[in-house]
1. Please find, within the range 216-247, the residue that is farthest from G50 (Cα to Cα) out of those that are over 20 Å from the mean Cα position of the chain (by Cα) and among the charged types (D, E, K, R).
2. Does the range 34-66 hold any residues that are within 22 Å of V207 (Cβ to Cβ), touching a residue at least 12 places away in the same chain (Cβ under 8 Å) and surrounded by 14 or more Cβ atoms within 10 Å (Cβ to Cβ), and which are they?
3. Among the residues of the range 117-143, how many are within 16 Å of the chain's Cα centre (by Cα), exposed (fewer than 14 other Cβ atoms within 10 Å of the Cβ) and in a loop (DSSP other than H, G, I, E, B)?
4. Just to verify a result, which residue in the range 144-164, among those that are of a type outside the set (A, V, I, L, M) and assigned to a loop (DSSP other than H, G, I, E, B), is surrounded by the most Cβ atoms within 10 Å (Cβ to Cβ)?
5. Sort through R213, R267 and tell me the only one that's modelled with pLDDT under 90, among the charged types (D, E, K, R), surrounded by 14 or more Cβ atoms within 10 Å (Cβ to Cβ) and under 18 Å from the mean Cα position of the chain (by Cα).
6. Starting from residues that are farther than 19 Å from G128 by Cβ and either touching a His at 6+ places or on another chain (Cβ under 6 Å) or surrounded by fewer than 17 Cβ atoms within 10 Å (Cβ to Cβ) (or both), keep the ones in the range 172-195 and report whichever is modelled with the highest pLDDT.
7. Residues that are outside any helix (DSSP H, G or I) and of a type in the set (D, E): does the range 53-62 have at least one?
8. So, of the residues in the range 217-240 that are of a type outside the set (S, T, N, Q) and without any contact (Cβ under 8 Å) to a residue 24 or more places away in the chain, which turns out to be surrounded by the most Cβ atoms within 10 Å (Cβ to Cβ)?
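The values are calculated or read from the model by the stated rules, or taken from the named source; none is laboratory data. Since the structure is predicted, the reported quantities are computational estimates derived from the model, not experimental observations. Methodologically, a virtual Cβ is constructed for each residue, glycine included, from the backbone with ideal geometry; neighbour enumeration extends over all protein chains shown.
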Amino acid sequence: MPVVNLRLYGAFREIERVAPDLVAAHARKQAALKAIKVLYRDAIVSAIAGVQKAWAQRRERACPWFQQAIRHLQQVDELFLAEADRLHDQFAETERPLSHPAVESVRGAILDRLSGCSALLIAGGHVGVLRNRMSFFGLDEALRQKPIIAWSGGAMVLAERILLYHDHTTHGVGLAEYLDRGFGLVPGVVFLPHAEQRLELSRPENVAILAARLAPLRPVALENGGGIDAHGQCFGRADAIRELTVDGHLAPYDPAHRTAGGDDAARS
């Protein structure tokens, strides 16, 4: 079947050419966001250390000290997301990018191409750039008008929040952190593509801590060969879609617990 490339990256380069002042304002917003992330990461280090210490001493999810440490870590996450929201809202209110003539023209061409398509495919890659470009051109509403098939980073942006994670980096164990909010088409979950490769899932404490931190959102591990349809039903490999639980194990994804959401599918 024919496939039409929406060319979001090329579209942004066109905006860089014809509207340098707008792009400069966007770059300042992104620089401010990066500065906040430095503070966020510093706060995560001590917060996670407190969680791990409380778990090591009692190894009980119901331990009040562990629960308090988790709440503190969640507060750090919430503070970062609130600060990110503030920067995004300030940029939107001050610059009104979607009302800029250059953006209106380029965005109109993107929506015209999309209008002739029967479905939207969202691939992976650099999830941060993907999320930023889709947000810059205001594709939030357009996403709700088409059936969607998304995988890897493309699935991540459909959820309420986007979590970056990797337990096997070149400099040791990485600390999971939120990148930003997603588009919320699949509410109630955080997608973790290639979790077996990127997370130490054989250690129950790792699974339990991450699941407790993300609650009430449900961390869903996505592996190659499986997916979730618009109704929350899994297909493909039986072990490809699993949920991390606060009990420290991986369980089959149960659509009965899924929050009702948009018409989309997410697959690894």
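1. Filtering first and then ranking leaves R237.
2. Once the filter is applied, which keeps residues that are within 22 Å of V207 (Cβ to Cβ), touching a residue at least 12 places away in the same chain (Cβ under 8 Å) and surrounded by 14 or more Cβ atoms within 10 Å (Cβ to Cβ), the range 34-66 yields I44, A47, I48, G50, V51, Q52, A54, W55, R61, F66.
3. Residues that pass the stated criteria total 3.
4. Across the range 144-164, the extreme among qualifying residues is S152.
5. R267
6. Among those that are farther than 19 Å from G128 by Cβ and either touching a His at 6+ places or on another chain (Cβ under 6 Å) or surrounded by fewer than 17 Cβ atoms within 10 Å (Cβ to Cβ) (or both), it is P187.
7. Yes - at least one qualifying residue is present in the range 53-62.
8. Filtering first and then ranking leaves C234.
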